Amino acid sequence: MRTIRYNERDIPVISDKVECIVVGGGTGGAAAAISALEQGLKTLVVEKTISLGGTQTNSLVSPMMPTHVELRSVNRIITERLNQEGIVTSDGTTTCSWFNVESLSYVLEQLITERGGQLLYDANLVDCIREQGRITHIVVNTCGGLAAIEGGTFVDATADAVLSRLAGVPVNSGNEDGHNQQISFRFEMGGINIPSLRSFMRSLGDQFCKIDDPEFYEIAMVPGKGHVLEPLFRQGLADGVLTEDELRYFQAFTQPGKPSVMSFNCPHVPGIAQTTDPIMRSQAVTKGRSMIRRLVRFLPRYIPGFERSYLLKEATQLGIRESYRIVGKYVLNEEDYIRRARFADGIARGDWYIDVHSVLKEMVEKPRYACGEYYEIPYRSLITREISNLIAVGRHISSTFLMQASLRIQPTVRDIGEAAGVACAYSVRHGIELNEIDGTEIKKLLGMVEETA
């Protein structure tokens, strides 16, 4: 086996040179890998857990938020395979895309391995080796110890911009005060009588969930927003079952293919202003776990339909909305949102509102788009000046704090990932570095044309 000298020791190079190495198998990373494989590239995904899907699966973030932007190839491939697995992804009313996390993780794995992709699970990125502004190898920690992997193009899909930071790419984090968005610690409950819950909510005059299909349902409670569940939460607070922390935000969604199960987009963990602080992240876990237990005690006692419910599982990673953001060749900003920006190198489109879950304020919003409106994300927001063969996908692409709160949703991130896979193939075939590619060529290859409302 070949070895390479690293940190005064010889470590094994555990594969032949890979044309495309995707670091992180999450929402954007999995999409980038599928896209690169569709283009015929030899592709390896390095994933720190043993489940693809990232925030979608390990943080239990389902369903995908709605978008009116036409979904592109990889999004469609994933949805079609979920449907083949018996997972109904459309509720017939909204443009949300529904899934359950076990099915999605399996589907992503199958889509990658069927196309000849390699997966390296349980492997944590430790470092990268650079020569003349290019990454030549990444260093990972595996069950066998430290190892190196040689690559041609590299996709940073780590969500925390880990590879970019190791490579010396500058980053920003948080708002003007250095505060990041709110952390959630999601969980699932089973044994819920969904029809009984729906009937109870309607008896209270709830108008929040507009979905008629009985297989899909959503409930929510945000203080002061007129939600019918607020008096019950207030009673739980008065009875000492809940604390003020649990009343900050509450939301739950059904899970297709898992009758009687709901996934909870809460609790919002208070007091964690820096998601980039490892100590604070650890504190978020312990705080969040206690909050989950209080909610699990509250729901069966106060809300009909939950009488026989139980805690099914907790997320295996925190729901981090925002941490680091690379400083790329173009920093997408909120003015681009306001003006519905179009770019010659626009490789993805977004239409989600500027959805800031603030630690100090409930949220900050810019005007929402009407159906058919969108902004474009330029290729230049995925590439850097510092490293020629690196491209970023996911919540950490080059943008401002406010703009990131719009582009971070899953359908948009998948489309960004698809563009990255196409770019890696273009780079390999034409011998042009990723950060020297004319993004207008990638836009053409993606078949993006102007849409009308």
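Structural remarks
- When Val107 is tested against (1) open to solvent by less than 50 Å² (accessible area, probe 1.4 Å); (2) among the aliphatic types (A, V, I, L, M); (3) touching a residue at least 40 places away in the same chain (Cβ under 8 Å); (4) closer than 25 Å to Asp160 by Cα, only condition (3) is not met.
A quick yes/no check of all residues on (1) in contact with a Phe, Trp or Tyr (Cβ under 7 Å, 6 or more places away or on another chain); (2) closer than 30 Å to Leu434 by Cβ; (3) surrounded by fewer than 20 Cβ atoms within 10 Å (Cβ to Cβ):
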residue: Phe306; (1), (2), (3): no, no, no
residue: Ala344; (1), (2), (3): no, yes, yes
residue: Gly372; (1), (2), (3): no, no, yes
residue: Ile387; (1), (2), (3): no, yes, no
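- From Ala220, Ala252, residue being under 22 Å from Leu104 (Cβ atoms) and open to solvent by less than 50 Å² (accessible area, probe 1.4 Å): Ala252
- Positions within the range 364-414 being farther than 19 Å from Thr67 by Cβ, in a helix (DSSP H, G or I) and either touching a Leu at 6+ places or on another chain (Cβ under 8 Å) or charged (D, E, K, R) (or both), in sequence order: Arg380
- The set of residues in the range 414-451 that are at pLDDT below 95 and either buried (at least 22 other Cβ atoms within 10 Å of the Cβ) or at positive phi (or both) contains only Gly447.
- Filtered by the rule that a residue be part of a helix (DSSP H, G or I), more than 16 Å from Ser184 (Cα to Cα) and either without any contact (Cβ under 8 Å) to a residue 40 or more places away in the chain or not small (Gly, Ala, Ser) (or both), the range 236-278 gives Leu237, Ala238.
- Among residues of the range 59-80, those that are of a type outside the set (Val, Ile, Thr) and open to solvent by less than 50 Å² (accessible area, probe 1.4 Å), counted: 9
- Taking the criterion of being open to solvent by 10 Å² or more (accessible area, probe 1.4 Å) and under 26 Å from Phe99 (Cα atoms), the residues of the range 395-408 that qualify are Arg395, Arg408.
- Sole exception among (1) over 18 Å from the mean Cα position of the chain (by Cα); (2) within 17 Å of Cys424 (Cβ to Cβ) for Val155, by number: (1)
To keep it simple, each residue is scored yes or no on (1) more than 20 Å from the chain's Cα centre (by Cα); (2) not hydroxyl-bearing (Ser, Thr, Tyr).
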| residue | (1), (2) |
| --- | --- |
| Asp160 | no, yes |
| Leu163 | no, yes |
| Gly168 | yes, yes |
| Ser184 | no, no |
| Ile192 | yes, yes |
| Pro195 | yes, yes |
| Phe200 | yes, yes |
| Gly205 | yes, yes |
| Glu215 | yes, yes |
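- Ile272 fulfils the conditions (1) at pLDDT below 95; (2) out of contact with any strand residue (DSSP E or B) (no Cβ under 7 Å at 6 or more places or on another chain) except for a single criterion, (2).
- Options Leu407, Leu434; residue that is within 18 Å of Thr153 (Cβ to Cβ), in contact with a helix residue (DSSP H, G or I) (Cβ under 8 Å, 6 or more places away or on another chain) and of a type in the set (A, V, I, L, M, F, W, C): Leu434
- None of Lys329, Lys313 is at pLDDT 95 or above, in a strand (DSSP E or B) and over 18 Å from the mean Cα position of the chain (by Cα) except Lys313.
The values are calculated or read from the model by the stated rules, or taken from the named source; none is laboratory data. These numbers come from a predicted model, not from an experiment. Note that each Cβ is placed from the backbone with ideal geometry, even for glycine, and that neighbours are counted across all protein chains shown. Keep in mind that these areas ignore ligands, DNA and RNA; they rest on the heavy atoms of the full protein, side chains included. Shrake-Rupley method; radii C 1.70, N 1.55, O 1.52, S 1.80 Å.
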